[in-house]
Amino acid sequence: VFQLSVPLNFLGSVYRELRQSLLDMETLFNLQKVNISITEPVNTKPLILTKGGEIRFENVTFGYHQDRPILKNLSFTIPAGKKIAVVGPSGCGKSTILRLLFRSYDAQAGRIFIDDQDITQVSLESLRKAIGVVPQDTPLFNDSIEHNIRYGDLNASPEKVRAAAQRAQIHEIISSFPEGYNTMVGERGMMISGGEKQRLAVSRLILKDPPLLFFDEATSALDTHTEQALMRNINGILKDKARTSVFVAHRLRTIYDSDKIIVLKEGQVAEDGTHRELIDTGGVYSELWSAQETLFNDDGEREIDVDRE
Ligand code: ATP
């Protein structure tokens, strides 16, 4: 028995590693869309979170094409353990900020630091291990729901998978499927809805439990009630462990309680502050807020799809 179990265990861990790297590749593919080679200096050290995940952009300039800069000399700091939102008009470069942090691309000028370590100088593996992303379009495998959630932590017990699903507001729906957690999601998740996909991605993130969490329009496909319930749970998780989190969102209702809101315009910070501060300033954010507020009725239900305006 002993002789047999050793190679089997070994194979098991190889299999798990393979699955994990497939997942990372999928995430990467999803985030980057085109292939740009990211280089790692020799003998890199791992990223060590000495401050708990402070993010600093220092004069960062980046464009997908040299002649069309998206981020222009951009500088800002995200304090460790805080909830931050990045808002601004469509196409202004919000998701690009997350892609640079994940090193799907490197900046053409300027530097990005996490806890004072230049992210191009630490090992890619340690950087990506520290980050969890709920991207705009979640990569799912043509496998069961159970397995799709478990990609967040391949050693998680069935109970942990269910607890994560519960916090992501998806457990009850999964339980109502005839096959429950064994339901297959189909090719690239075609058998489940957009909102279910988003919640599976959040379940996965909860299982992974990384120190840095990025949400890119992570609740955009949910109805207001489900979105609010999910945001309450996410906020609870963030508070429990003081995780650094960055939310990219169109619906200001999901992020108005952030510790800091960064308003991006034409590749630069137009203004930043708390919701209260930005409303008092009466600038871009306050205009966006009043435009969106009129789209809600008294019960907080959305009357018009503000994301599609
Ligand atoms: P949205 O709110 O619509 O999601 P965003 O602010 O997140 O937008 P980004 O996705 O960061 O915007 O994109 C910024 C700009 O870069 C856009 O004009 C977009 O068309 C362009 N862009 C994004 N990805 C690529 C890419 N892979 N190749 C070339 N251009 C890209």
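Structural remarks
- Filter pass, PRO46 being over 30 Å from SER175 (Cβ atoms) and within 15 Å of the ligand (Cβ to nearest atom): no
Per-residue answers, yes or no, for (1) within 22 Å of ILE234 (Cβ to Cβ); (2) at pLDDT 95 or above; (3) not aromatic (Phe, Trp, Tyr):
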| site | (1), (2), (3) |
| --- | --- |
| ILE48 | no, yes, yes |
| ILE55 | yes, yes, yes |
| THR61 | no, yes, yes |
| ARG68 | no, no, yes |
| PRO89 | no, no, yes |
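- Restricting VAL133, VAL161 to residues that are within 26 Å of PRO46 (Cβ to Cβ) and β-branched (Val, Ile, Thr) narrows the list to VAL133.
- When every residue of segment 107-117 is checked against the conditions, at least one turns out to be surrounded by fewer than 19 Cβ atoms within 10 Å (Cβ to Cβ), modelled with pLDDT of 85 or more and among the aromatic types (Phe, Trp, Tyr).
- Among the residues listed as ALA218, ALA242, the single one being under 30 Å from GLU293 (Cα atoms) and over 13 Å from the mean Cα position of the chain (by Cα): ALA242
- Complete set of residues in segment 232-246 that are farther than 16 Å from LYS51 by Cα and outside any helix (DSSP H, G or I): VAL246
Here's the yes/no breakdown for (1) of a type in the set (A, V, I, L, M); (2) within 16 Å of the ligand (Cβ to nearest atom); (3) out of contact with any Pro (no Cβ under 7 Å at 6 or more places or on another chain):
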position	(1), (2), (3)
ALA221	yes, yes, yes
MET231	yes, no, yes
ASP240	no, no, yes
VAL246	yes, yes, yes
LEU252	yes, yes, yes
ASP257	no, no, yes
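- Pairs are defined by a Cβ separation below 7 Å, a sequence spacing of at least 6 or placement on different chains, a first member in segment 63-83 that is at negative phi and of a type in the set (D, E, K, R), and a second member that is buried (at least 19 other Cβ atoms within 10 Å of the Cβ) and in a loop (DSSP other than H, G, I, E, B); the pairs so defined are LYS72/GLY267; LYS83/SER258.
- Checking every residue in segment 16-35 against the condition of being modelled with pLDDT of 70 or more and within 16 Å of the ligand (Cβ to nearest atom) gives zero matches.
- Residues of segment 52-73 that turn out to be part of a strand (DSSP E or B), crowded, with 21+ Cβ neighbours inside 10 Å and more than 12 Å from the ligand (Cβ to nearest atom), as a count: 3
- Taken over segment 74-109, residues that are within 16 Å of the ligand (Cβ to nearest atom) and in a strand (DSSP E or B) amount to 6.
- The set of residues from segment 101-116 being under 15 Å from VAL246 (Cβ atoms) and touching a Phe, Trp or Tyr at 6+ places or on another chain (Cβ under 6 Å) comprises just one member, ILE112.
- Criterion violated by THR120 - all others in (1) of a type in the set (Val, Ile, Thr); (2) away from the ligand (no atom under 16 Å from the Cβ); (3) crowded, with 22+ Cβ neighbours inside 10 Å satisfied: (3)
- Some residue of segment 126-141 being part of a loop (DSSP other than H, G, I, E, B), aromatic (Phe, Trp, Tyr) and within 19 Å of the chain's Cα centre (by Cα): yes
The values are calculated or read from the model by the stated rules, or taken from the named source; none is laboratory data. Note that the structure is predicted; figures quoted are calculated from it, not measured. In this analysis, Cβ positions are derived from the backbone assuming ideal geometry, glycine residues included, and neighbour counts consider all displayed protein chains.
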